[in-house]
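Each remark here refers to the structure printed beneath this line.
The values are calculated or read from the model by the stated rules, or taken from the named source; none is laboratory data. The structure presented is a predicted model; accordingly, all values stated were derived computationally and were not measured. Positions of Cβ are backbone-derived with ideal geometry, glycine not excepted, and every protein chain shown enters the neighbour counts.
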Amino acid sequence: MRILIVHHHHLPKMGHSVTGEGLRVQQLHDGLCAQGHHVSLLSGGASSPSELLLLCKDIDHDCIIAMHVHLMPILAKLEVPLILDLYAQRLMESQFESNTLETTMALIHALRYASLIVVSNDRQRWSWHGVLSMLGVQHMPEPIIVVPLQARPCGPRNPPEKFRLIGGGMDWPWQNPKPNLQRALNVFEQRGEGEIIWFGNPKERIEHPRIQYKDHVSYEAYRRELLCASAAFDWMEPNIEREFAIAFRHMDFVGCGLPILTGRYSPLPSFLHEGCWISDDLEEVLHDIMGHPHKLEEASKHLTRSLDRLSSSNTTKSLHSWLLDSKEIQWSHSPLVEPAQLWHELLEEKKINGTLIFANQEYDRDRQKKSCEISELHHKLAEHITTIANLSRSISDVVAYRKEAMIVLGGQIEQHSKTAEDLTTENAILRADIAKKSAELEAMDQLRSRLENDIQALREEVEKKKTLWRR
């Protein structure tokens, strides 16, 4: 059969952290492929319901598995068998949230579109049977099947020499480990040994030298840390949600052969049996296993033997059987269905109204912003007009000054023109006088030369006469 799984979160990827939904989708994909089905995946990247439907129509499929409740009314329009995977106890989680009524009505409305409901453990199946009966579901054929979470095998364990507990998880309002972590630390102080490694960022941390908090790391790095621990700590404060929850971290503990310590409220004993310690007395459990380490080894071996039963192919056998027959849920009339439909329509209208109110607020903020910008532009425009007026006056003053300067310069030019003519005439006279003086100087030079010659001749004649007189 061609199966399409519609989901939101990414699948496990080397070097990255992963969500529970990603692990669940990978489990369904691998398990159903091993059973001979053709499985396609569609990650919810659509911007609208119509776009999601178009994306689904582009993929050949005979059946759809939806991982989210809000997808059901949309995917039902494709008119193929529609399976809703309720691996998390969403109805119980909503008891700790402010939108309990909305979540409940959305679930009831979504269930009406389901051909089959999938859960992850028997307690969840029992809890949904009562709800479905009130909604008019006929329990023949079986409307709910259990597809347990998968436990992925990991490498060989490397237990530490000193006792080490490991745990973690998201900081959900229905999941509070702090009081029991403190109890465990008190036991460690009494015995003078032991430590806790806790993955996650809780809002309230315990400041103690024997507990170490670590941020979320890649999936591979997280599982390597599990292999180096003595046991897993999952002892939360009891509440209704914890009584139905089997988490993906539990399956990681099992895959790494790590015994689990948890409270009596937990559904884990229903399929782990000797692989975990279930009790109301945390202190007694810790003293027991810290004093008898061989019990941890025995529990680890039991978990290892459970891995084949919790593989992807074995956990999806019940879903494979249903797909071969596809006996869909049979519905009869129920007085709860119509109110749920009305509530759903009301919630949808509230969403639309909320969107419109938000858009209107955005438009109003944008209008106010634009008004401020326009006022600022008007102010700047007024400043520019004033500047232009000042520039106009300055230009007028410059033009007037230019005219006056032209008049003054014109007179000066005319005066300078006349002066230049006079200077030219005077220069010509001076040049003529200079030429005359030069000629006179030249004549005087010639006269001087003649006189010098005459004087020289006289001197020679005088010398001759002096000679005659001496005789």
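At a glance:
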item: Filter result for the condition that a residue is more than 26 Å from Trp277 (Cβ to Cβ), touching a residue at least 24 places away in the same chain (Cβ under 8 Å) and aliphatic (A, V, I, L, M), over Ala151, Ala114, Ala88; result: Ala114
item: Answer residue from the stretch 227-270, given it is aliphatic (A, V, I, L, M) and either in contact with an Asp or Glu (Cβ under 6 Å, 6 or more places away or on another chain) or assigned to a strand (DSSP E or B) (or both) and is surrounded by the fewest Cβ atoms within 10 Å (Cβ to Cβ) among those; result: Leu261
item: Residue among Glu373, Glu297 that alone is within 30 Å of Ser230 (Cα to Cα) and part of a helix (DSSP H, G or I); result: Glu297
item: Per-region count, the stretch 201-217, residues modelled with pLDDT of 90 or more, in a loop (DSSP other than H, G, I, E, B) and surrounded by 14 or more Cβ atoms within 10 Å (Cβ to Cβ); result: 3
item: Conditions (1) assigned to a helix (DSSP H, G or I); (2) modelled with pLDDT of 90 or more; number of the one not met by Arg305; result: (2)
item: Enumeration of residues in the stretch 272-306 that are farther than 18 Å from Arg157 by Cβ and surrounded by fewer than 19 Cβ atoms within 10 Å (Cβ to Cβ); result: His273, Ile278, Ser279, Asp280, Asp281, Glu283, Glu284, His287, Asp288, Gly291
item: First in the stretch 1-21 and assigned by TED's automatic domain parsing to the domain that holds Leu82 and over 24 Å from Asp58 (Cα atoms), second anywhere and of a type in the set (Val, Ile, Thr) and crowded, with 16+ Cβ neighbours inside 10 Å, Cβ under 6 Å, 6 or more apart; result: Pro12/Val18
item: Matching residues in the stretch 148-205 - criterion: being aromatic (Phe, Trp, Tyr) and touching a helix residue (DSSP H, G or I) at 6+ places or on another chain (Cβ under 6 Å); result: Phe163, Trp174
item: Candidate set from the stretch 36-59 (those that are part of a loop (DSSP other than H, G, I, E, B) and among the hydrophobic types (A, V, I, L, M, F, W, C)); member that is farthest from the chain's Cα centre (by Cα); result: Ile59
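A quick yes/no check of all residues on (1) outside any helix (DSSP H, G or I); (2) hydroxyl-bearing (Ser, Thr, Tyr); (3) touching a residue at least 12 places away in the same chain (Cβ under 8 Å); (4) surrounded by 17 or more Cβ atoms within 10 Å (Cβ to Cβ):
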| site | (1), (2), (3), (4) |
| --- | --- |
| Ser313 | no, yes, yes, no |
| Leu319 | no, no, yes, yes |
| Leu323 | no, no, yes, yes |
| Pro335 | yes, no, no, no |
| Glu348 | no, no, no, no |
| Gly354 | no, no, no, no |
| Phe358 | no, no, no, no |
